[in-house]
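The next block holds one structure in the form of structure tokens; read it before the comments.
The values are calculated or read from the model by the stated rules, or taken from the named source; none is laboratory data. Worth saying up front: this structure is predicted, and the values here are computed from it rather than measured. Cβ: placed from backbone, ideal geometry, glycine included. Neighbour counts: every protein chain shown.
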Amino acid sequence: MLAAFILLFLIVALVGYLIGIYNGLVRIRAAVKLAWSNIDVLLTQRHDELPKLVEVCKQYMQYEGETLERVMRARAGVDAARSSGNVNSVGVAERELRNGLNGLYAVAENYPQLKASEPFRHLQERISALETAIADRREVYNDAVNTNNVRIDAFPDAFVARLGDFPPAQLLHVQAEQKSDVDLKAAFSR
């Protein structure tokens with residue numbers, strides 16, 4: 001009788017332990033999705049601000065159509081990458097957009113009236129603030145991904161992760177050129 005009680009207790013404890021692991025993995029997977037969703041919200045906000053910035057610039061920059069078009073193409077690329085859900089393609093598209101914005105801001109230096117206009121300054125500050133927030137959220141996302149990936153590879157969580165179909169998540173990588181300082185000389189020579 002005592003042996004049966006001990007065996008029953010061990011089985012219940014093991015099942016409870018496995019349920020705890022499973023629920024922990026579910027919470028971590030949800031944290032990864034939430035972190036990505038937070039990035040997506042900021043990308044959407046920036047996506048909505050870029051046409052306004054381009055419109056303001058068009059009023060002053062009559063001969064810079066290529067620069068403005070580059071920003072809009074990059075904006076469309078980020079939107080397509082976001083829609084695909086592929087983290088790596090978002091990183092590549094983001095790099096193109098940052099390059100386009102750097103070029104736009106560099107060309108804007110040649111237009112003092114544009115730089116002095118309130119709408120341009122407001123939009124530039126808003127987009128810069130969104131860029132900072134996106135970088136912060138990227139860090140939170142990568143932390144959540146790292147926690148997820150470590151948990152699904154660590155024993156005994158790995159056993160439950162394989163049974164529960166918990167795939168690894170993709171880190172959002174920053175390209176080497178994004179880590180370096182902006183080459184202002186190259187940006188101004190466009």
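Data overview
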| read-out | value |
| --- | --- |
| Residue check, Arg121 modelled with pLDDT under 95, surrounded by 14 or more Cβ atoms within 10 Å (Cβ to Cβ), charged (D, E, K, R) and assigned to a helix (DSSP H, G or I) | no |
| Residue ID - nearest to Val32 (Cα to Cα), chosen from residues in the stretch 60-85 that are free of Cβ contacts under 8 Å to residues at least 24 places away in the same chain and either more than 18 Å from the chain's Cα centre (by Cα) or not in a helix (DSSP H, G or I) (or both) | Gly85 |
| Leading residue by the ranking (surrounded by the fewest Cβ atoms within 10 Å (Cβ to Cβ)) among those in the stretch 67-93 that are closer than 25 Å to Gln113 by Cα and aliphatic (A, V, I, L, M) | Met72 |
| From the options Leu104, Leu130, residue that is at pLDDT 90 or above, crowded, with 16+ Cβ neighbours inside 10 Å and not basic (Lys, Arg) | Leu130 |
| Tally of residues being over 21 Å from Thr132 (Cβ atoms) and either at pLDDT 90 or above or in contact with a Ser or Thr (Cβ under 6 Å, 6 or more places away or on another chain) (or both) across the stretch 78-101 | 1 |
| Some residue of the stretch 22-35 being within 16 Å of Ile134 (Cα to Cα), surrounded by fewer than 17 Cβ atoms within 10 Å (Cβ to Cβ) and not acidic (Asp, Glu) | yes |
| From Glu64, Glu55, Glu49, residue being surrounded by 14 or more Cβ atoms within 10 Å (Cβ to Cβ), at pLDDT below 90 and within 21 Å of Glu118 (Cα to Cα) | Glu64 |
| Residue match in the stretch 32-50 (condition: more than 27 Å from Leu171 (Cα to Cα) and among the acidic types (Asp, Glu)) | no |
